[in-house]
Amino acid sequence: MDAEAILTNGRGTVPRYTSYPTAPHFTDQDGLAIARSRLQRLPDGEAVSLYLHIPYCDRLCWFCGCHTKHTLKYAPVETYVGALIQELATVRETAGRRLRLAHLHLGGGSPSMLRQPDLERLSLALRANFEIDAQTEVSVEIDPSDVTDETLKGLVALGVTRASVGVQDFSDAVQEAINRPQTFEQTRDVIAALRATGIRSLNIDALYGLPLQTETRLMSTIDKVLSLSPDRIALFGYAHVPWMKKHQTLIRDEDLPGTMERFHHAALAADRIAAAGYDRIGIDHFAKPADAMAVAAREGRLFRNFQGYTTDDCRTLIGVGASSISSYGDAYVQNIVPTAQYQKTVQDGRLSAMRGVQLTLDDRIRAYMIERLMCDFAFSFDALEQRFGYAARPYVAEAKIAVANDGFGLCEIADGRFRVRDEARPFTRVVASFFDAYLDDRAVRYSKAV
Ligand SMILES: C[S@@+](CC[C@H](N)C(=O)[O-])C[C@H]1O[C@@H](n2cnc3c(N)ncnc32)[C@H](O)[C@@H]1O
Ligand code: SF4
């Protein structure tokens, strides 16, 4: 398989497919009406998931692609937590009851920069507005440089069961090039402290494709990550999108590894993690074989949401906070992005939903095919027909045409399934893009395919 030809002559940049349609295509201006109507007609007793976004960090890493803002003062964060608490109450009022939570995820930005009193009042507000019990999975993204004894007490108050710790790369040269100092010892100690609080499952994020990253530096980082024995590892490719994230212009183009170097680094790191006994999950995750994500992947119960891979099978994911995205099965809605405008809206007692998209039947069928490709590297024609009936027929035909037109040999049809060929798995996003009806919108630019 000619990786270079695929990446240079094929589709070199494609979406990450954390949703379909992808966020640039949420064009319906009446996101508020969509959110309201979906919250009002949630079936009785159905559990939902909640995503809570903290758009603040106490440092600014130059590689960062997240919706976040650097702040040296804590006061704006405290004010923002007040707005989140207000929005939680508005969600409950709109739904007309306390919804049962299966999963709660705090992401950002850096939720770990919240101080203990704010974590505690957030926890109280969550419990006042939602049903949370011992079955509810509570996960939080952690920047180790934030964590103090107070943070740990706050996380215990919140009932955190799963933590995701950002590492990226441990070498000094790379850390300097991305403005993210973080020692191995500091990371190790924070992980030990998190485990001591009773957290059941731990993920570490690492990146390839970073500036000044060499094979030696990346592999040394991976070995250090493995020595911490996380239950899961996410190995993301650095998405360099300086046209969207101005601070990424602080990273020098000449320091970035080339396309083929990225590709080799990704493969080497993945092989090292797999050799240490981790299962490969989808395109960029790894999990110990007994971990819930590895079990779900084996059983075809892995899904994709805005955070990446998940075992969460709730139909509804409610996003709270500035820029958060909600998924209602047949619609997506994004909240207001600028923090000040978000706060003003929710403090007036309104939902912050702004733009959205209601999925057509075509969107829903393509979303299913793309999600299964991203999770299982395949979809079965029978499953497609069981789910969508006769409407599935043209898509089966489209899959056959995709194989016929695939000059690089990335996909095939075998045993009634359209599948990514084993050796083409690194190009799964490219194969998924064969079914993306929005891809030719030239106004939107994506990150590198691998
Ligand atoms: C919200 S951040 C992590 C939480 C915490 N603020 C931290 O930095 O440790 C989630 C993850 O997104 C990944 N990430 C951020 N910017 C990225 C980019 N430009 N390309 C790829 N992954 C990125 C990083 O691996 C990061 O750990
Ligand atoms: S990587 Fe994490 S800590 Fe760094 S700026 Fe992004 S969200 Fe903040």
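The values are calculated or read from the model by the stated rules, or taken from the named source; none is laboratory data. Since the model is a prediction, treat every value here as computed from it, not as a measurement. Using ideal geometry, Cβ is built from the backbone for each residue, glycine included, and neighbour counts are taken over all protein chains shown. Only protein heavy atoms, including side chains, enter the accessible area calculation; ligands, DNA and RNA are left aside. Shrake-Rupley method; radii C 1.70, N 1.55, O 1.52, S 1.80 Å.
For Glu131 and Glu385, calculate 0.36 nm times their separation in residues minus their Cα-Cα distance, and state this gained length in nm to one decimal.
The span from Glu131 to Glu385 would gain 87.8 nm if fully extended.
Estimate the FRET efficiency between Ser37 and Arg425 by the formula 1/(1 + (r/R0)^6), using the beta-carbon distance for r and 41 Å for R0, to the nearest 0.05.
0.55
Go through 36-48, 208-220 and give me the packing order, highest mean Cβ count within 10 Å leading.
Averaged packing, sorted descending, gives the order 208-220, 36-48.
Helix by helix through the chain, keep the DSSP H runs that span 27 Å or more along the axis on Cα and average at least -0.5 on Kyte-Doolittle, and give those back in order.
Helices meeting the criterion: 75-95.
Tell me the relative contact order for region 9-358 as a rounded percent, counting alpha carbon contacts under 8 Å between residues six or more apart.
The value is 23 percent.
Sorted by average packing, counted as other Cβ atoms within 10 angstrom per residue and highest first, what order do 247-253, 269-275 take?
Going from most to least packed, we get 269-275, 247-253.
Rank by packing, highest mean first: peptides 17-30, 366-379, with packing defined as the count of other Cβ atoms within 10 Å averaged across residues.
In decreasing order of mean packing, 17-30, 366-379 become 366-379, 17-30.
If I take every Cα pair under 8 Å that is 6 or more residues apart in region 24-110, average their sequence separation and divide by the length, what percent do I get for the relative contact order?
In percent, rounded to a whole number, it is 48.
In the full protein assembly as shown, how much of Cys61 is accessible to a 1.4 Å probe, in Å² to the nearest 10?
10 Å²
Compute the Cα gyration tensor for region 271-398, then decide on rounded, prolate or oblate, letting a ≥ b ≥ c be the square roots of its eigenvalues: rounded whenever a/c is under 1.5, prolate when a/b is larger than b/c in the other cases, and oblate in all that remain.
Oblate is the answer for region 271-398, as a/c is 1.5 or above yet b/c matches or exceeds a/b.
So if we plug the beta-carbon distance of Lys73 and Asp253 into 1/(1 + (r/R0)^6) with R0 = 30 Å, what FRET efficiency do we get, rounded to 0.05?
0.35
Considering only the other residues whose Cβ falls under 11 Å of the Cβ of Thr197, what net charge follows from Lys and Arg at +1 and Asp and Glu at -1?
+2
What lysines does Lys400 reach when the alpha-carbon gap must be under 18 Å and sequence neighbours fewer than 8 apart in one chain are set aside?
Once the sequence-local lysines are set aside, nothing remains near Lys400.
Below 21 Å, Cα to Cα, which lysines can Lys246 reach? Residues fewer than 8 away in the same chain don't count.
Of all the lysines, those that pass the test against Lys246 - Cα under 21 Å, at least 8 places apart if same chain - are Lys69, Lys448.
Roughly what % of DSSP beta bridges within region 9-358 run antiparallel, to the nearest 5?
35 percent
Once you treat every alpha carbon in the chain as an equal point and sum by Debye, what is log10 I(q)/I(0) at q = 0.07, 0.12, 0.14 Å⁻¹?
So the normalised log intensities work out to -0.34, -1.09, -1.52.
If the cut-off is a Cα-Cα distance under 18 Å, which lysines reach Lys288, setting aside same-chain residues fewer than 8 apart in sequence?
Of all the lysines, those that pass the test against Lys288 - Cα under 18 Å, at least 8 places apart if same chain - are Lys224.
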